[in-house]
Amino acid sequence: MLKTFSIGGIHPAENKLSADSAIQVLPIPQMVSIPIAQHIGAPATPVVKKNDQVKVGQLIAKSSGFVSANIHSSVSGTVFKIDAIVDGTGFRRTAIIIKVDGDEWMEEIDRSEDLLKEITASKEEIIKKIADAGIVGLGGATFPAHVKLSVPPGKTAEVLIINAVECEPYLTSDHRVMLEKGDEVLVGTQILMKALDVKRAIVGIENNKPDAIAHLTKLAANYQGIEICPLKTQYPQGGEKQLIAATIKREVPSGALPIEVGAVVQNVGTSLAVYEAVQKNKPLIERVATITGKSLQNPSNWKFRIGTPVHDLIDAAGGLPEDTGKVIGGGPMMGKALSNLEVPLTKGSSGLLLLPREEAIRKDSKNCIRCGKCVSVCPMGLEPFLLMVLAEKKNYERLEKDAVMDCIECGSCSFTCPANRPLLDYIRLGKGRVGQIMRSRK
Amino acid sequence: MNTKVLVAPSPHVHSGDTIQKNMYGVVFAMLPALVFSFVYFGMGAIIVTLTAVASCYLFEYTIQKYLLKGEPTINDGSALITGMLLAFNVPANLPIWIIIIGALVAIGIGKMTFGGLGNNVFNPALVGRVFLLISFPVQMTSWPKPLGFSTSYFDAETAATPLALIKEGLKKGEALSSLMPHVPSNMDMFLGNMGGSMGEIAGAALILGLFYMLAKKIISWHIPITILATVAIFSGILHLANPEAYAGPMFQLLSGGLLLGAIFMATDYVTSPMSNKGMIIYGIGIGFLTVIIRAFGAYPEGVSFAILIMNAFVPLINAYIKPKRFGEKRK
């Protein structure tokens, strides 16, 4: 019996179209737009101004608090302007727009492909380097990595869990990273273990990636304390709480963080970024993303510079298909629909999905037939049908009592509902309002 | 590039499951029992089924169009289920006009009064059946003998149900051991060779339907299995306490409408609880009430009443029995 989480869960069509396509390098665009808010927390503060010359890897916006992250230039060139642009969230937000000129890197960055296995940095140096490099969770949540590594007083980390689940349908960037950068990922894992002072790390991989499981299992024999843990394919296993439940059978209490049960979770892509930051002095200026879709000519995986416009990635994969109805930043379950193709790719961009129009249009919603399927698939053990009604009726008191804030917005309820009810849409609204109410109480 | 793209919140894909798929799945699961009833009751079963289904469609269409003035709903498949279940729940030679009244009560009062599919509190088919049982007790309890296609519709030979045989006998003061030789064997009951309502007689066919619905994930095991287990355990205890007054578990499971009720009536989405824990409590309630009514009540059979009574508790169960939450703080 393969391990998995026990409450709820669904199995959407996997559609991993680009799984066999090796990572390619996306050409550097002529202009990049680098948003100063690419992470959860306070936006960074720009430290460059118009017409400044910048190099690849140069700090251009500084972390503005503990929960914030540095931003580095991903190209060399001239700061064209600092202005508001529409980003992947659909809002207008500040970005540093750089006109590209050549490809000149900061001198301290080691650009060689040599594998550096020996970890010389101390625990404190590691955390500082990770913070300096502006590394955030690359699974999509973009939570600053150094925050998770700074274990609060009174708590101890016992185990590091590497999230290599990639449970979103279509996406394959983590899969490719594991196959092509396996050693780097494992060294990165050891660095994270050292930063956390833990002796044990578990890499959770779903069994729809048998090649990645085999490859990493073989490599892991050379590294102390790293276990590869195959998991039964089930969405949303990449959810932090679900992954902890699946791998070490502990339930993170409602409202608490994983450290409460002694676990710290980092994405496999983050692990690679950590390796590059600590061993190679390379800040987070590029990452791998999947470009995919059923009508797309060439579903594939690309390493891109942060700030590259979305249409560059689409063009590289054969151009926008005629029947495109929706362009999604991320996967089909939790990704965000983009409003235009100028949106820059950012630290959190794990993929881009082009959905054909007929799949993109939602079916009409019908009466709830009380089948209870939303309840049985909810991985948090909530009652989506009820939360939706309460949100519609603006009954925020009961929403809070019925644990709306536990919702991880995985979308399993809306996905499953035979009446096509917009369950998560309403729950999200209710969650936003309840969150405001709870914060104002403090 | 001036392609227009949609912007909507996630999730961006859907399982493709629909209300119709579930409803027609239930209908498909009922087909084996329907075939059995055609074999045992011949023309009668066909006439009853066609009348019930046609009148349910007609009433739903008319009420939705002229009284509720809403979008047509007859395509969702629920009227077909109600019609078939109503037919399954009446004798196979019930006069046609009584069936039509039953359909009117089932759809009109049982379902549309509440606003249509999804809003009703009680299982519509059972509302129709119980209304008929109380209003036309004679016609509703003269079951034709399951003889096959030769049976004519109106002057069929009648056969009492096994449960009624026992109830009558016990009322007259006879001991169970002297009654049992007169009731059909377990195997006969399993294969449908007994008196009873049109769709309830063939246990084997109903169980086939259960397996289909479980395999297709149309329903979960919680409701049917807890009902059957509760009936088996509780009637087993009574039987052990006094074997001369209370029939054993196997007889209870196979006789009357228990399998039909547990598999097709109690599992109605709209009128059963939402959470697995709630479903188990609901199932235990139905099983318990069924045995109580059969053992101590005036009616020989109690499944319909048990389900309707537990239907009334469903809102309460939903309000108090919550699913186990992930990481719930225990007080």
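Where a number appears in this text, it was derived from the coordinates with a stated rule and is not lab data. Note that the coordinates shown come from a computational prediction; the quantities given were computed from them, not determined experimentally. Heads up, the Cβs are rebuilt from the backbone with ideal geometry, glycines too, and the neighbour counts pull from every protein chain shown.
Key figures for this structure:
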| item | result |
| --- | --- |
| Under-5 Å amide H pairs with residue A:72, H placed in peptide plane, nonlocal only | A:60 |
| In degrees, nearest ten, helix B:276-296 long axis to first principal axis of chain B (Cα) | 20 degrees |
| Distance in nm between pseudo-label sites at residue A:6 and residue A:107 (7 Å out along the Cβ direction from Cα) | 5.9 nm |
| In sequence order, calculated HN-Hα J values of the stretch B:246-257 (Karplus, 6.51, -1.76, 1.60; Hz; x Gly/Pro) | 10, 6, x, x, 4, 4, 4, 5, 8, 8, x, x |
| Rounded to 10°, Cα long-axis angle of helix B:124-135 versus longest principal axis of chain B | 30 degrees |
| Principal axis box of chain A, alpha-carbon based, largest edge first, Å | 63, 48, 48 |
| 13 Å beta-carbon shell around residue A:79, net charge (K/R +1, D/E -1) | +2 |
| Amide proton proximity set for residue B:220, modelled H, under 5 Å, gap of 5+ | none |
| Highest-first arrangement of A:422-430, A:169-177, A:4-12, A:330-338, where packing means the average Cβ count within 10 Å | A:169-177, A:330-338, A:422-430, A:4-12 |
| Pairs of Cα atoms farther than 34 Å apart, the protein assembly as shown, % | 57 percent |
| Mean Cβ neighbour count within 10 Å, used as a protection proxy, ranking A:49-60, A:364-375 highest first | A:364-375, A:49-60 |
| Normalised convex hull volume, the stretch B:172-320, alpha-carbon set, Å³ per residue | 109 Å³ |
| Span-rule helices in chain A, defined as complete DSSP H runs reaching 18 Å or more along the axis (Cα) with Kyte mean at least -0.5 | A:182-196, A:423-441 |
| Inter-chain shielding of A:319-328 (mean C-beta neighbours from other protein chains, 10 Å cut-off) | 3 |
| Derived scalar couplings ³J(HN,Hα) [the stretch A:156-161; Karplus, 6.51 cos²θ - 1.76 cosθ + 1.60; whole Hz; x for Gly, Pro] | 10, 7, 10, 8, 9, 10 |
| Convex hull volume per residue in cubic angstrom - Cα atoms of the stretch A:373-441 | 68 Å³ |
| Karplus-derived HN-Hα couplings along the stretch A:281-298 (A = 6.51, B = -1.76, C = 1.60, θ = phi - 60°), whole Hz, x at Gly and Pro | 6, 9, x, 7, 10, 8, 7, 9, 9, 9, 10, 8, x, 5, 8, 5, 4, 9 |
| Quotient of C-alpha Rg and 2.2 N^0.38 Å, computed over the stretch B:4-68 | 1.79 |
| Rounded to 5, percent antiparallel among DSSP beta bridges of the protein assembly as shown | 60 percent |
| Under 5 Å, built H, 5+ apart or other chain: amide partners of residue A:233 | A:207, A:208 |
| For residues of A:414-421, the mean tally of beta carbons on other chains within 10 Å | 6 |
| 13 Å beta-carbon shell around residue B:317, net charge (K/R +1, D/E -1) | +2 |
| Prolate/oblate/rounded label for the stretch A:159-249 (Cα gyration tensor, a/c 1.5) | oblate |
